[in-house]
Structure formats: structure tokens, C-alpha cells
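These notes concern the structure reproduced below.
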Amino acid sequence: MDYEGLAARIAALTEGERDQVALMATVACEVHHSDARFHWTGFYRVTEPEVLKIGPYQGGHGCLVIPFSRGVCGACARTGEVQLVADVEAFPGHIACWSSTRSELVLPVFDGAGALIGVFDIDSDLPDAFTREDADALAAILRSVFGRDVAA
């Protein structure tokens with residue numbers, strides 16, 4: 001996976017943009033089409049305390065609402081930590097938004113002030129599809145896009 005090229009494309013496409021939803025739509029599209037492992041790629045936004053709602057995404061329908069108390073996305077939002085799940089069936093409380101999902105990578109998304117604004121969820125229909133390298137590279141891209149002064 002060419003994360004350096006992906007980061008450069010996303011930086012060029014998002015330069016000067018401040019709107020979070022526009023940024024999320026661009027990141028979801030670019031990441032989704034960058035790797036055949038990714039069959040669902042998108043954001044869940046923090047819209048009220050302890051609640052994530054679907055944001056911009058690529059792929060089939062996603063769950064509309066996910067409480068912080070449930071699923072891989074909820075665990076990421078609750079802890080603020082990357083969730084690298086090799087087998088979603090083995091994850092307690094996994095929410096099956098898409099029945100073919102076998103593994104999942106979810107990263108927290110923070111704004112420039114360090115507040116959690118959402119999570120970035122990538123699903124694969126392959127078991128154990130994600131690596132720590134994927135997580136680290138995508139986290140760096142998210143920091144570069146959302147860690148600056150953007151508007152909610």
C-alpha cells in the first residue's frame with residue numbers, strides 16, 4: 001500500500017478546506033479506492049454525548065447510529081484508541097452493519113483542539129486484513145487533515 005502517495009493526494013485535495021464533512025467525504029473516497037481490501041470505508045461523527053451517527057462513507061449502507069457503549073466503533077470512541085480487529089466475530093458486542101465484514105480497523109478522529117469529532121471505520125471482507133502499519137499511516141493522515149483548524 002502506497003500510504004505516502006495517498007497522503008500526498010489527500011493533502012492536495014483538502015488544502016485550504018475547513019469544513020469537516022467535506023474533509024470526511026474526501027478522505028473516505030480516497031482511502032476506500034486506494035486498496036482492494038477495503039469494502040466499507042467511512043466516518044461516524046460524534047453528534048451528541050456518547051452517540052456516533054453515520055457520516056460520509058463509501059460502500060454499502062452503514063449503521064445509522066452507534067452508541068459509544070457498543071461495537072468496535074463505540075469502543076474506539078469510548079477509549080480514544082485505535083481498534084485493530086482481526087476477527088469481528090470474536091469482538092464482544094460487535095455490531096454487524098454489513099454481514100460480509102470479517103475484520104475491521106477503527107481510528108479516533110480528533111480536531112485541532114484534541115476533541116473527539118468521530119471515528120474512521122474501515123471494514124474488510126477478508127479476515128485479519130489490517131496491520132499496525134495501516135493503522136499508523138492512516139492515523140497520520142487523519143491527524144494531518146483534522147488536526148488543523150477546521151470548522152464543525
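Bear in mind these aren't lab numbers, they're just calculated from the coordinates by the rules spelled out. Predicted model only: the values in this text are computed from it and were never measured. Cβ coordinates were reconstructed from backbone atoms using ideal geometry, including for glycine residues, and neighbour counts include every protein chain displayed.
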Report task. Being surrounded by 13 or more Cβ atoms within 10 Å (Cβ to Cβ), closer than 24 Å to L116 by Cβ, of a type outside the set (G, A, S) and without any contact (Cβ under 8 Å) to a residue 60 or more places away in the chain narrows it down to one of V27, V51, V31, so name that one. Result -> V51
Query raised in the report: Which of the residues that make up the stretch 100-117 are free of Cβ contacts under 8 Å to residues at least 60 places away in the same chain and in a strand (DSSP E or B)?
Result: S103, E104, L105, V106, L107, P108, F110
Requested in this report: Write out, first by first residue and then by second, each pair whose Cβ atoms fall under 6 Å of each other, whose residues are 6+ apart or on separate chains, and whose first residue, in the stretch 79-95, is surrounded by fewer than 17 Cβ atoms within 10 Å (Cβ to Cβ) while the second is hydrophobic (A, V, I, L, M, F, W, C) and in a helix (DSSP H, G or I).
Outcome: F91/V72
Requested in this report: Go over the candidates F130, F38, F120 one by one and state the one that is touching a Leu at 6+ places or on another chain (Cβ under 7 Å), surrounded by 17 or more Cβ atoms within 10 Å (Cβ to Cβ) and part of a loop (DSSP other than H, G, I, E, B).
Outcome: F130
Report summary line: Going through the stretch 1-24 in order, the residues found to be of a type in the set (A, V, I, L, M, F, W, C), over 17 Å from R45 (Cα atoms) and without any contact (Cβ under 8 Å) to a residue 40 or more places away in the chain are A8, A12, L13
Report summary line: Those residues of the stretch 7-25 which are in contact with a helix residue (DSSP H, G or I) (Cβ under 8 Å, 6 or more places away or on another chain) and within 20 Å of C73 (Cα to Cα) amount to Q20, L23
